[in-house]
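Trainee: The structure follows.
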Amino acid sequence: MLIFKEIQLLPEIFLGISIIYLIIHGTFISVNNKYLLIQNSVLYLSVLIISLFCFLLINNTIECNDFQIFNNTIIIDYLGSFSKILIAIVSIFCFLMIQRYLTVQKINYFEYSVLILFALLGIFFICSSNDLITAYLAIELQSLSFYIMAALKKDSAFSVDAGLKYFILGAFSSSLFLFGSSILYGVSGTTNFEDLKNLFFWVYSSYDCTQDASDYTFVKDVFINGGLIQFALSFIFVSLLFKLAIAPFHLWSIDVYEGSPSSSTFFFAVVPKLAIFILLVRIFYSSFFEYTAKWRYYIVILAVLTIVVGSFAGLEQKKLKSLLAYSSISHMGYTLIAFSTGTFEGLQMLFCYLFLYMIAGLCIWSIFLMLQLKYKYVKKQNKDLADLSSLSKSNNILALFFSTVLLSIAGLPPMVGFLVKIGIFLVSIEVSMYFVSIVSILCSVISTFYYIRIVKIMFFENSTAGKLYQPIKSHISIVIVCLFYFLLFLFINPTLIYLFSYKITLLLTMTMM
Amino acid sequence: MIVNLFFYFFSFVLITSSLMTVFSQNSIYSVLFLVLSFVSSSSILFLLECEYVSLIFIIIYVGAIAVLFLFVVMMLDIKTISLVKDSLKYFPFGSFIGIAFLIEILLVVPSTFEAINPYNISFLCNFHLDWFNKLDYFTEIMSVGHLLYTDYLIQFLLSGNILLLATIGPVTLVLIRSIKTTKKQITFKQLSRTYNSVLYI
């Protein structure tokens with residue numbers, strides 16, 4: 001069945017088969033022996049699976065610029081493979097971090113790691129999909145497992161509420177995607193991005209309008225005016241913005257992030273954004289570039305709205321989790337500015353920002369999961385900001401790490417977050433979006449307030465009694481220290497992240513032509 | 001002519017029943033109207049000669065999903081909510097969005113498809129019968145199978161994965177492993193309910 005060319009999809013196939021083996025293994029062991037607790041062993045097994053996936057992916061050499069397999073529905077190129085490697089590494093760290101949280105919370109289902117693996121499979125397929133059907137199926141696989149992950153803490157009403165909310169709104173956005181792609185199929189007769197690119201990429205420049213148009217009325221209406229295509233594209237765009245939680249469509253994200261168990265929130269916030277942006281780039285940069293040029297300004301408006309919402313609504317929050325959710329919303333706004341520029345540098349800064357967002361998000365959420373109070377009620381996990389008071393006295397190094405990562409996300413100058421943020425502002429100034437960049441810089445200043453407030457609570461709060469935290473295991477602390485030093489290293493040597501994003505953008509724009 | 005009449009009839013039934021699904025007060029009636037809309041849309045598909053899809057529509061949507069809906073509606077224990085207050089709260093914004101999309105569709109779709117296909121009115125178009133095609137052809141289910149197992153192989157596998165996930169997920173969510181916390185249905189209370197007191201939205 002597999003021709004030798006199609007062996008390039010081996011990592012994904014390996015992942016899928018090993019998921020099924022993992023299910024069989026877990027079911028047989030845990031059900032036979034009176035519900036044996038195999039949560040931890042399955043977690044480590046899935047770390048092993050993802051590491052092997054990474055190994056296979058790195059061994060997949062891409063000889064040519066890009067090529068398409070499985071009837072042109074899967075594209076193998078540098079963008080896809082690099083971001084898949086990054087996502088896999090980030091998710092290995094996620095697995096290591098959430099292990100203790102799951103033990104404390106008594107989420108003793110081995111299905112949890114299986115669900116995460118399913119979500120990862122979906123995300124990897126989104127990264128390399130070259131076809132609307134594949135993209136839809138991959139998004140469904142990813143979000144279906146996310147719904148279940150959100151609702152998995154069964155004894156908590158918040159978690160069930162979050163799962164239901166996520167499910168209904170996610171199904172709504174998926175139906176928008178289906179509607180848009182069905183109209184696209186009705187107009188063009190294809191769902192393949194490559195064919196769509198061949199049909200639509202050169203429409204404006206190549207068609208000679210002075211020619212007698214009487215024979216070409218359908219062609220003129222559909223292709224040149226492009227009303228129906230833009231109608232469909234706007235639906236697809238809106239549904240993907242739903243997944244990214246961009247401002248008018250962000251309302252689900254706060255409740256879902258706050259209600260679902262923290263380990264799932266970790267995943268929702270960090271992992272899937274890059275894959276959705278890759279899909280956006282594939283649709284709107286390579287297939288429908290000419291059509292999106294018209295409504296680039298609306299995307300900019302959405303981006304500014306997102307930044308404003310993320311910055312101002314974050315000021316009100318008293319819970320750490322919802323604060324981080326608003327911070328992730330405003331970050332998506334910055335990336336959307338980079339996306340809307342439509343230039344080479346904009347694309348490069350988009351990938352830069354997303355890579356850094358993932359790494360910094362990994363740091364911040366793993367520290368968040370580390371901070372477990374010595375409560376009598378272990379069930380209470382939604383931290384107030386006041387819970388962090390005088391963390392510097394009980395665990396000075398962790399407080400230092402946390403504040404450094406927060407300042408990096410805020411974009412204070414001696415951190416790597418500053419470099420990518422100023423990159424985005426420079427890019428937007430370069431395409432003369434002066435007003436947009438001024439507004440977003442001001443909002444970035446405002447949003448710095450709530451990051452600094454956490455630092456103030458940790459270091460300078462005058463409370464008589466601080467909180468006590470559970471001790472951290474040594475291997476987890478080693479992982480956190482490594483992540484932190486990697487973030488510091490990225491500031492000293494940011495060439496690494498620039499180089500990779502430059503290479504990705506260069507190869508991507510070469511294939512677009 | 002008759003095909004056209006049937007087409008209009010079924011479209012009318014489809015539109016009316018989907019409207020009634022939204023507007024009817026008793027949710028049992030809503031589900032039944034939903035079934036009617038599925039049936040009429042599958043008959044439209046029959047008229048368009050897509051037999052496989054329309055049969056699948058009937059088997060899956062009417063046979064499985066609508067029955068499942070009925071079960072869920074009977075199971076939910078929601079009391080009557082005042083309809084007017086809620087609908088007045090959401091009416092302006094919802095109707096604004098709905099009308100905006102409707103106008104957009106009405107502007108875009110007729111302007112795109114108003115042109116007559118120039119090939120149809122030219123002399124190049126002759127209605128000859130292609131006997132070869134008539135004699136030696138794939139049935140629809142065969143061609144669907146051919147496409148699924150060759151060109152769209154990876155999509156087929158992906159949807160299989162989705163189905164696997166869809167079985168694992170609900171089992172994980174409802175499997176009772178710790179006794180004290182999960183909610184259960186009281187069977188007597190469940191069985192003693194009647195259809196007209198179930199769920200008024």
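The values are calculated or read from the model by the stated rules, or taken from the named source; none is laboratory data. No experiment lies behind these values; they were computed from the predicted model shown. Here the Cβ is made from the backbone with ideal geometry for all residues, glycine too, and neighbour counts use every protein chain on show. The area values use the complete protein model at the heavy-atom level, side chains included, leaving out ligands, DNA and RNA. Shrake-Rupley method; radii C 1.70, N 1.55, O 1.52, S 1.80 Å.
Trainee: Only residues in the range B:147-169 that are more than 7 Å from chain A (Cβ to nearest Cβ) and within 29 Å of A:Y109 (Cβ to Cβ) count as the first member; pair them with residues that are open to solvent by 30 Å² or more (accessible area, probe 1.4 Å) and of a type in the set (D, E), Cβ under 8 angstrom, at least 6 apart or cross-chain, and list the lot.
Mentor: none
Trainee: If you go through the range A:109-127 one residue at a time, do you hit one that is farther than 25 Å from A:S174 by Cα and open to solvent by 20 Å² or more (accessible area, probe 1.4 Å)? Break it down stepwise before answering.
Mentor: Step one: filter the range A:109-127 for residues farther than 25 Å from A:S174 by Cα, giving A:109-110.
Now narrow it down to the ones that are open to solvent by 20 Å² or more (accessible area, probe 1.4 Å): A:109.
Yes - at least one qualifying residue is present in the range A:109-127.
Trainee: Given the structure, is A:I123 β-branched (V, I, T) and more than 14 Å from chain B (Cβ to nearest Cβ)?
Mentor: no
Trainee: Evaluate the following for A:K106: is it more than 9 Å from chain B (Cβ to nearest Cβ) and under 30 Å from A:S477 (Cα atoms)?
Mentor: Considered against the rule, which asks whether it is more than 9 Å from chain B (Cβ to nearest Cβ) and under 30 Å from A:S477 (Cα atoms), A:K106 comes out as no.
Trainee: Quick test for you: out of A:Y451, A:Y485, A:Y469, A:Y498, pick the one residue that is closer than 30 Å to A:F344 by Cβ and either of a type outside the set (K, R) or over 23 Å from the mean Cα position of the chain (by Cα) (or both).
Mentor: From the options A:Y451, A:Y485, A:Y469, A:Y498, the qualifying one is A:Y498.
Trainee: Determine, yes or no, whether A:V238 is β-branched (V, I, T) and open to solvent by less than 10 Å² (accessible area, probe 1.4 Å).
Mentor: no
Trainee: Pick from the range A:63-82 the residues that are without any contact (Cβ under 8 Å) to a residue 24 or more places away in the chain and away from chain B (no Cβ under 12 Å): which of them is most open to solvent (accessible area, probe 1.4 Å)?
Mentor: Only one residue fits best here, namely A:E63.
Trainee: Can you say whether A:F158 is open to solvent by less than 40 Å² (accessible area, probe 1.4 Å), away from chain B (no Cβ under 13 Å) and over 19 Å from A:K273 (Cβ atoms), as far as the supplied structure shows?
Mentor: no
Trainee: While we're here: Quick check on the range B:10-51: of everything there that is outside any helix (DSSP H, G or I) and open to solvent by 70 Å² or more (accessible area, probe 1.4 Å), which residue is modelled with the lowest pLDDT?
Mentor: Across the range B:10-51, the extreme among qualifying residues is B:Q25.
Trainee: Before we move on, is A:P261 over 15 Å from A:H331 (Cβ atoms), surrounded by fewer than 23 Cβ atoms within 10 Å (Cβ to Cβ) and more than 14 Å from the chain's Cα centre (by Cα)?
Mentor: No.
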